[in-house]
Amino acid sequence: MLELNERGLGRIEAWQAAGVELPRYDRGKIAENTLDHPRWLHFGAGNIFRSLIAKAQQKLLNEGLADTGIIAAGTPDSESIDRVYRPHDNLTLLVEMAADGHLRKEVLASVAEALCADPFRTDDYARLVRAFENPSLQLVSFTVTEKGYALTEAGGAYTEEARRDFDAGPERAEQVMAAAAALAYRRYLKGAFPLAFVSLDNCPHNGDVLRTGLTTVAREWAARGLAEEGFVRYLEDRSRVSFPLTMIDKITPRPSAAIREELTKLGIGGLEETTSSRHTHAAPFVNAETAEYLVIEDDFPAGRPPLEAAGILFADRETVNRTDRMKVTACLNPLHTALAVTGCLLGYARIADEMRDPLLRRLAERIGRDEGLPVVEDPGILPPEKFLDEVLNERLPNPFIPDTPQRIASDTSKKIGIRFGHTIRAHKDRNDLDAANLTAIPLAVAAWCRYLLGIDDTGTPFEPSPDPRLDELRERLLRQDGTQAKAAKAQTAGLPDAAALNVRAILADTELFGVDLYEAGLGAKIEGMFRGMLDGPGAVRRTLERELGYEAAEASSIERSERS
Ligand SMILES: NC(=O)c1ccc[n+]([C@@H]2O[C@H](COP(=O)([O-])OP(=O)(O)OC[C@H]3O[C@@H](n4cnc5c(N)ncnc54)[C@H](O)[C@@H]3O)[C@@H](O)[C@H]2O)c1
Ligand SMILES: O=P(O)(O)OC[C@@H](O)[C@@H](O)[C@H](O)[C@H](O)CO
């Protein structure tokens, strides 16, 4: 069996026979250079990091346009450094799945080091400090999920974890914002060298979100006398420290057993997936679609790698902002979230299969074309109509992408306001539009509330995907007439009575949705849809059909013609 590690990589002909592209640079030399003059460090080195970022750096290395690798950093409670990177000598097998079923396979060696940002792991930590203290470092990027940036909970109070990090100071930081701030503090103390902190997560104004995270930690430390005031000024000095905005796009599902089987058939072994206590799914390989878009605000005070050569677009701040809004609030992620929650309710395990269900396809189309597009500004570099067409007709229906509604449904409470709130607000604010006329987005919101019950459209319980607010939101929904005991009963005895549920307690939460749904004229409408979805087995589908003007007869005739 071929093994994914330095020793295994020596079997060049066997890899080539398996159709796998190999790195074309001197890995030892790159590792040496990275130690000597590191340029790029990344926190949260999960699947999207490997499928897009590590791939881009590999291209630069292959073409002689870079001479250092990326340092992957994990926080004290992340497990992937020890469980995924180290056993495979930091190598990743990237598998890209084209719409015709072709699998492009490449071993990525662009992660030169994988280190844990845990002050108690002294060797790793010393290497990270050395990298941060080196003037050569140009950028520190992040893919830590939307919740990785959160220092506050609903209502605005600091989380317990954030307060612990504020009190502990830079020597014992645990969460990612504090861990990164602690290392930035070492850079400040060494000479306050310039640096770019680059968020690559799906949140609008992601650079600003990251800036707020790091400067909040710095301020709290300074207020406690645990860091110098000058550190806050350093992070706020835009000529020395930047937080560029970005838009990142490449559907990168969790590692799929089917892809692993394909690789095993090619003679590549040892590719088992691990799931961390934080619900991160990782394997030595990563599977992703072929389409990829990364647009970055060109603001790098310490310089940057020539990533244009790897297809990455650089633009001004407003262009990046508009591109991100186009993708995250209108043309891709809202469709994904709607398909995620309806898919879990209707028993789907694949996004591509949902796109073959005419009703769900119509839901996705209506969200994108009828409700999102009219309020989206053209960013100028990626035309929204073309982008949406590709999403609806090529990317989401690609049967070779093993993406699941369950992955996308994770952390929906952290995303729902971004995915739908922006469009609702835009319809509400425009004189020529009326938010109360929206249908598909309210259906998606109602379906999410229905999904929170953890009972599918046949009345069978399912486990909702991990979400930091799941218990609290379910409790709110079930609180109206009392006790947890009743809640538990509702879970096991099939669908609860709509009258016993307090969906208003969720819909009225303006912080959750980023907009007042009742003021927008949508609260009662969504309540009605939600109630409709509780009217016995099959009620979710019936509600979608009714609201989308989709007759059952129409559905079955299309399904019949598709089958024949
Ligand atoms: N997968 C995609 O299709 C895709 C595409 C575009 C953008 N993104 C963005 O990238 C993010 C990560 O996606 P992924 O597929 O790499 O996920 P992943 O689960 O493979 O990796 C997530 C990484 O974030 C870390 N992490 C998770 N929770 C954290 C927390 N609370 N604090 C600090 N670190 C935390 C994990 O340890 C892991 O390293 C997404 O949330 C999204 O914002 C993903
Ligand atoms: O990664 P999240 O949790 O923000 O959202 C889930 C998916 O919609 C997302 O990962 C997409 O696959 C991605 O945004 C495509 O570029």
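The values are calculated or read from the model by the stated rules, or taken from the named source; none is laboratory data. Only a predicted model underlies this, so the values are computations on that prediction, with no experimental measurement involved. FYI the Cβ positions are ideal-geometry reconstructions off the backbone, even for glycines, and counts take in every protein chain you see. Please note that ligands, DNA and RNA were not included when accessible areas were found on the heavy atoms of the full protein model with its side chains. Shrake-Rupley method; radii C 1.70, N 1.55, O 1.52, S 1.80 Å.
Cross-link pairs exceeding 28 Å in C-alpha to C-alpha distance, out of Lys415/Lys525; Lys250/Lys415; Lys29/Lys55; Lys327/Lys525; Lys414/Lys525; Lys105/Lys414, comprise Lys105/Lys414. Working note: Cα gyration tensor of the stretch 25-107, eigenvalues times five, square-rooted, sorted largest first, giving semi-axes of 22, 19, 11 Å. Ranked by the mean number of other Cβ atoms within 10 Å of their residues, highest first, the peptides 68-79, 450-461 fall in the order 68-79, 450-461. Sorting 519-529, 109-119, 25-35 by average packing, meaning the other beta carbons within 10 Å per residue, from highest down gives 109-119, 519-529, 25-35.
Each Lys and Arg adds +1 at its Cβ and each Asp and Glu adds -1 at its Cβ; summed about the Cα centre, the chain shows a dipole of about 400 debye.
Counting only alpha carbon atoms, the long axis of helix 333-345 and the longest principal axis of the chain meet at about 60°. Helical runs (DSSP H, four residues minimum) scored at -39500 (n - 2.57) apiece and divided by the length of the chain put the mean residue ellipticity at 222 nm at -11500 deg cm²/dmol. With all protein chains kept in place, the per residue accessible area of the chain amounts to 39 square angstrom at a probe of 1.4 angstrom. Under 14 Å of direct C-alpha separation, and excluding same-chain neighbours fewer than eight residues apart, Lys190 reaches these aspartates and glutamates: Glu133, Glu228. Measuring with a 1.4 angstrom probe and ignoring ligands and nucleic acids, Phe400 comes out at about 90 Å² accessible.
Taking all protein chains as shown and a probe of 1.4 angstrom, His281 keeps an accessible surface of around 40 Å².
Taking every C-alpha pair closer than 8 Å and separated by at least 6 residues, the mean separation divided by the residue count of the chain gives a relative contact order of 12 percent.
The rule of thumb for compact globular proteins, 2.2 N^0.38 Å, goes into the C-alpha radius of gyration of the stretch 2-314 0.98 times. Pair-distance distribution P(r) for the stretch 98-242, from all Cα-Cα distances in 5 Å bins starting at 0: 2, 9, 18, 21, 21, 14, 6, 4, 3, 2, 1, 0 percent. Overall, the accessible surface of the chain at a probe of 1.4 angstrom is composed of carbon and sulfur to the extent of 48 percent. Think of the stretch 2-314 as having a plus end and a minus end, set by charges on the Cβ of Lys, Arg, Asp and Glu; of Leu61, Pro244, Leu4, Leu61 sits farthest toward the positive end of this dipole. According to the Kirkwood relation over distinct C-alpha pairs, the hydrodynamic radius of the chain is 24.7 Å. Based on C-alpha pairs under 8 angstrom that are at least 6 apart in sequence, the stretch 4-110 has a relative contact order of 35 percent. Placing +1 on the Cβ of each Lys and Arg and -1 on the Cβ of each Asp and Glu in the chain, which of Gly549, Thr274, Thr143 has its Cα farthest towards the positive end of the resulting dipole? Projecting each Cα onto the dipole axis, the largest value belongs to Thr274. Each of the peptides 194-203, 423-432 was scored by the mean count of other Cβ atoms within 10 Å over its residues; in descending order, highest first, they stand as 194-203, 423-432. Normalised by residue count, the stretch 340-409 yields a Cα convex hull volume of 94 Å³ per residue.
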